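Structure first, then comments.
The values are calculated or read from the model by the stated rules, or taken from the named source; none is laboratory data. Since we're looking at a predicted model, the values are computed, not measured. Note: ideal-geometry Cβ built from the backbone for every residue, glycine included; neighbour counts use all protein chains shown. Please note that ligands, DNA and RNA were not included when accessible areas were found on the heavy atoms of the full protein model with its side chains. Shrake-Rupley method; radii C 1.70, N 1.55, O 1.52, S 1.80 Å.
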Amino acid sequence: MSIVMPAVSAPTDYVTARPVDLMVTASTLDETQCGKGLMMESLSAAVCGYKSAPNAADHEAFVRDAVRLMLEQAVFRGTDRRRPVLNWKSPEELQAAFDFALDRSPTTHGHLLNLIEDTIEHSVKTGHPYFINQLFSSVDPYGLIGQWLTDALNPSVYTFEVAPVMTIMEETVLTEMRKFLGYHDGKGDGIFCPGGSIANGYAINCARFSAFPEVKTRGMHGLPRLVVYTSADAHYSIKKLCAFEGIGSDNLYLINTDAKGKMDVGHLREQIKRTLEEKAVPIMVSATAGTTVLGAFDPISKIADVCHEYGIWLHVDAAWGGGALMSKKHKHLLTGIDRADSVTWNPHKMLTAPQQCSTFLTKHERVLTESNSSCAQYLFQKDKFYDTTYDTGDKHIQCGRRADVFKFWFMWKAKVCSTLPLSKNHSAIELEYPYKKTALLAAIIIAMRQY
């Protein structure tokens, strides 16, 4: 490939992407001398080196070339329908064709650019029009820029003082998402978390804490047997997180589905009665808005009626189907979601934000803080020089946490239809899909569910 270089004051070597007067190649060095200080100084001038701090003299040309290469090969050629989604190689063939080995000495910028090109060549082009996947899709240009800026700033969102913009941005976006759920004025709470599976795990923990607050300090010891319910077609994360959180996979009661893949509410009621007869305690029903295989939407309103009758926490796993709330035509599929105690919603699915972009939303304003906080004094002091309610990190199970909000916020800024202004409680607005294939796929799956 040809590399277009920015103008620099000195001639540039196109293999190392360094000015010629600084160039020393690794091949000119005696391998036995590489550990010596003087020789390592010469080596770091010629190749990448170990220092992480960026500076224009050493890194600008390389970064510009890397970005150009990614734009050309991954973003534009990678979404060209005349090119394949993937040139398939078996694991053995790929290991032979690609330089996976980690060496004991640094390489050149030129070799790194070749590795970028090879990585793109041998990867699945998820933004390609012929890559059809209901769980993630596309390369959105605004989301991509948002992701790049997030990585350039590298914030960790746990206290306002270290991530001021991202902290307020998270609360802004989460409030607007709660409005789409129908929570009055967007009240409640929420978090960005690493994937829908973890969001479903938060739901189980919040439901358990709501029923038995003492579980936070005393654990499961002394509690009755707890039971969670979800459909037989629900995502496997519910089963995994029941096991992970000590409830046990045997205490996840799977509910039958009808011919369209929807939860059978009559069978749900039977299983709750069975639980009570067994002297166990129902703590949560997880309905699904858009099942993984069939794209089925459980009847949330009917399930909410049952949960209200028995005093059970209602969670809706809308990781995929939550995007339909932004569609005037399809939002009816989630009728009753405003009655849910909590919701999982992943903008990186139907809304095509870059991975990962997952949220857990709840109408209960204190449950995340009360169930998860540990009040670590070295981070969450209450006598800081600003309003410490903006120190949101203590309601997460993580400490260091990536800022997944900016890319979605940036896309929202770019795409919201200006003729449909936001209201206090959204009925629906339309977010333009970055690629027609995503809208087409969503329509196909929803149509299959309906007939």
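Hey, if we sort S197, S138, S105 by accessible area with the 1.4 Å probe, largest down, what's the order? Mind showing how you got there, number by number?
Values: S197 45, S138 15, S105 65 Å².
If we order S197, S138, S105 from most to least accessible, we get S105, S197, S138.
With every protein chain in place, what's the accessible area of V293 (1.4 Å probe, Å², nearest 10)?
Looks like 130 Å² after rounding.
According to a simple spin-label model (label point 7 Å from Cα along Cα-to-Cβ), what is the distance in nm between K216 and T335?
Placing both labels 7 Å along Cα→Cβ, they lie 3.8 nm apart.
Let's test the formula: R0 of 45 Å, r as the Cβ-Cβ distance of F76 and K239. What FRET efficiency results, to the nearest 0.05?
Details: r = 41 Å, r/R0 = 0.91.
For F76 and K239, the calculated efficiency is 0.65.
Using 0.36 nm times the number of residues separating R225 and L254, minus their current alpha carbon distance, what extension gain do you get? Can you show the working numbers first?
On the way: separation 29, 0.36 × 29 = 10.44 nm, distance 1.63 nm.
This chain segment gains 8.8 nm when fully extended.
Does segment 110-170 come out rounded, prolate or oblate by the C-alpha gyration tensor, with a ≥ b ≥ c the root eigenvalues, rounded set by a/c under 1.5 and, if not, prolate when a/b is larger than b/c and oblate if not?
On the way: a/c = 3.43, a/b = 1.59, b/c = 2.15.
Oblate.
How high is the FRET efficiency from A280 to L102, r the C-beta distance, R0 45 Å, rounded to 0.05? Kindly include the intermediate steps, with their values, before the conclusion.
On the way: r = 51 Å, r/R0 = 1.14.
Result of the calculation: an efficiency of 0.30.
Counting only residues 5 or more places away or on other chains, whose amide H sits under 5 Å from the amide H of T257 once H atoms are built in the peptide plane?
Those lying under 5 Å, H to H, from T257 are A232, D264.
What distance in nm separates the simple spin-label points at Y310 and R68, each placed 7 Å from Cα in the Cβ direction?
According to this spin-label approximation, the distance is 6.4 nm.
Near K260, which aspartates and glutamates are there with a Cα under 19 Å away, not counting those fewer than 8 places off in the same chain?
Candidates past the 8-residue exclusion: D233, D298, D317.
Full extension from T388 to V162: what is 0.36 nm times the residue separation minus their Cα-Cα distance, to one decimal in nm?
Numbers: separation 226, 0.36 × 226 = 81.36 nm, distance 1.25 nm.
Once the chain is fully extended between T388 and V162, it gains 80.1 nm.
Let a ≥ b ≥ c be the square roots of the eigenvalues of the Cα gyration tensor of segment 195-259; is it rounded (a/c under 1.5), or, if not, prolate (a/b larger than b/c) or oblate?
Values: a/c = 2.35, a/b = 1.69, b/c = 1.39.
Cα axes put segment 195-259 in the prolate bin.
Show me the ranking of peptides 96-103, 315-322 by mean Cβ neighbours inside 10 Å, starting with the highest. Each step should come with its number before you reach the end.
Working: 96-103: 9.6, 315-322: 29.2.
Ranking, from highest mean packing down: 315-322, 96-103.
Longer than 21 Å from Cα to Cα, which of K125/K349; K179/K239; K382/K407 are they? Say none if no pair is. Let's see the in-between values first.
Details: K125/K349 16 Å; K179/K239 29 Å; K382/K407 31 Å.
From K125/K349; K179/K239; K382/K407, over 21 Å: K179/K239; K382/K407.
So how strong a dipole does segment 183-282 carry about its Cα centre when Lys and Arg Cβ are +1 and Asp and Glu Cβ are -1, to the nearest 20 debye? Display every interim value, and only then the final one.
Working: 13 positive and 11 negative charges, 28 e Å.
In total the dipole reaches around 140 debye.
Please compute the net charge surrounding F244, taking Lys and Arg as +1 and Asp and Glu as -1 over other residues with Cβ under 15 Å from its Cβ.
On the way: positive: R208, K239, K240; negative: E245, D250.
So the surrounding residues net to +1.
Determine the gain in length on full extension of the stretch A152-C399; use 0.36 nm per residue of separation and subtract their C-alpha separation, reporting nm with one decimal. Numbers along the way, then the final one.
Values: separation 247, 0.36 × 247 = 88.92 nm, distance 2.00 nm.
Fully extending the segment from A152 to C399 adds 86.9 nm.
Using Cα pairs closer than 8 Å and at least 6 residues apart in sequence, work out the relative contact order for segment 279-324, in percent.
49
Label segment 108-217 by shape, choosing from rounded, prolate and oblate, from the square roots a ≥ b ≥ c of the eigenvalues of the Cα gyration tensor; if a/c is under 1.5 it is rounded, and otherwise prolate applies when a/b is larger than b/c, oblate when it is not.
Prolate.
Report the calculated FRET efficiency for A53 and H122 (r = Cβ-Cβ distance, R0 = 35 Å), to the nearest 0.05. List each step's numbers first, then the result.
Working: r = 31 Å, r/R0 = 0.90.
Result of the calculation: an efficiency of 0.65.
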